[in-house]
Each structure stands twice: as C-alpha cells, then as structure tokens.
1. Where residues in segment 60-102 are in contact with a helix residue (DSSP H, G or I) (Cβ under 6 Å, 6 or more places away or on another chain) and of a type in the set (S, T, N, Q), which of them is surrounded by the most Cβ atoms within 10 Å (Cβ to Cβ)?
2. Does at least one position in segment 105-123 carry a residue that is basic (Lys, Arg), assigned to a helix (DSSP H, G or I) and under 14 Å from Gly17 (Cβ atoms)?
3. I need every pair where a residue in segment 147-164 that is in contact (Cβ under 8 Å) with a residue 40 or more places away in the chain and part of a helix (DSSP H, G or I) has its Cβ under 9 Å from the Cβ of a residue that is among the aliphatic types (A, V, I, L, M) and surrounded by 16 or more Cβ atoms within 10 Å (Cβ to Cβ), sequence separation at least 6 or different chains.
4. For residues that are touching a Leu at 6+ places or on another chain (Cβ under 7 Å) and assigned to a helix (DSSP H, G or I), scanning just segment 7-24, find the one that is surrounded by the fewest Cβ atoms within 10 Å (Cβ to Cβ).
5. Return a yes/no flag: does segment 45-56 have any residue that is assigned to a helix (DSSP H, G or I) and either free of Cβ contacts under 8 Å to residues at least 24 places away in the same chain or of a type outside the set (Ser, Thr, Tyr) (or both).
6. Pick from Asp41, Asp96: which is at pLDDT below 95, part of a helix (DSSP H, G or I) and within 15 Å of Leu182 (Cα to Cα)?
7. Report the residue count in segment 17-60 for those that are closer than 19 Å to Arg173 by Cα, among the charged types (D, E, K, R) and out of contact with any Gly (no Cβ under 6 Å at 6 or more places or on another chain).
Amino acid sequence: METHDSAAVLILTGPSGAGKTTIARALISNSPHPAVLLHADQFWRFIEQGLMTPHLPEARAQNATVISAIAAAANAYASGGYFVVIDGVIGPWHLDPVRAAVTAPLHYLVLRPDIGETLIRATLRGNVGLTGDGLPASAIRHLHARFADLGPLETHIIDSTGSSASETLMAVRQRLAAGSALLTPMHKPS
C-alpha cells in the first residue's frame, strides 16, 4: 500500500509518570490527519499466559517479541496513510527492530522530567504497572535512570520538568514540525 504524506510514526516515550499518555492522546485528538494511538502496554497485556514483568532481566525475549509486534502494527497503519503515535516505555535498547520494521518516517521523542517530578506524577496517577499492580518507586527510579543518558539520542529529549501538559504538547509539536525528532531508518524501503 502506498505511504501518504501524513503517514509517519512517532514513538513518544520516557519513564513512567513522564506524561506520555496525556500528550499522545492530545496529539491524536487534534491531528489534522487520520491518526492511530498504539498504547504499548496493551501489547504486553495481550499475553494471556506467561506474562513476565517487562522491567525484569528475564523478560528480554518476551519484550523483543512485543516490540516487534508493536513495530509491525505501527508500520501497517502508517502504510495505510495514518499518523501513528506509540505511547510507551520504548527505550533506545528497543529501537533497532522498530527502525528495521517501520518504512514511514520514524520520530522518537523522550519526555524526561527530573526524578523528583517523575516520582510525584507516578504516585499521583496510582503508579499502575502492566500487571495492574503499582510499580514500586525503585522500578520507577530504574526506568528513569535508563533514560538518563541517551548518548547520541540525547537531542530527542524534551525536559518536561515544571511544564504543563499544554506546554509539553507545544514542545512536541514544534519538534515534529522542525523534523528534529526524525530517526534515520536502518533500511531503505523497496
């Protein structure tokens, strides 16, 4: 299927409590183009038997499978002309399979408030994890630390510390419009 000009994929990520879902919903609800919101957590919840908590080291193979499913779904929607926002904890350690699968323009933005604000936000929203249980503060700290130094992807950070949802949404829109969140694909579409 032909890719349309509005077709693109945005991975909106960051630690728990960063504001990803709020911003993703706002982007989709105000999109001038057909748009799809993929909540990454839902893809883990599709596992009916044998789900492992994603932040545990022994969940690596499970996580790789889920990330591949998310990338395939995002690419299918984008190939159909949709603007796709993936809302979830998708760190640089998960990007290679996504970059290999997605043939539409792929944008990557990390919302990263400071650790104090992240913990407060996660606590206020009930800190709900994939298994329905609250993520302990130690897991939130661990996720935040994984996003602390992104090396060459540091330019894809939006520091949302002290920012309102509307200010963060404006920053995301500006980055998308400027093209500064665009990732280079791993392969050329045929």
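The values are calculated or read from the model by the stated rules, or taken from the named source; none is laboratory data. Owing to the predicted nature of the structure, the values given are computational and were not obtained by experimental measurement. Glycine also receives a Cβ, built like all others from the backbone with ideal geometry; neighbour counts cover every protein chain displayed.
1. Asn75
2. Yes: segment 105-123 contains one or more residues that are basic (Lys, Arg), assigned to a helix (DSSP H, G or I) and under 14 Å from Gly17 (Cβ atoms).
3. So the pair list comes out as Leu153/Leu95; Leu153/Val110; Leu153/Leu183; His156/Leu109; His156/Val110; His156/Leu150; His156/Ala181; His156/Leu183.
4. Of everything passing the filter in segment 7-24, Ala24 is surrounded by the fewest Cβ atoms within 10 Å (Cβ to Cβ).
5. Yes, segment 45-56 contains a residue that is assigned to a helix (DSSP H, G or I) and either free of Cβ contacts under 8 Å to residues at least 24 places away in the same chain or of a type outside the set (Ser, Thr, Tyr) (or both).
6. Asp96
7. Number of matching residues: 1.
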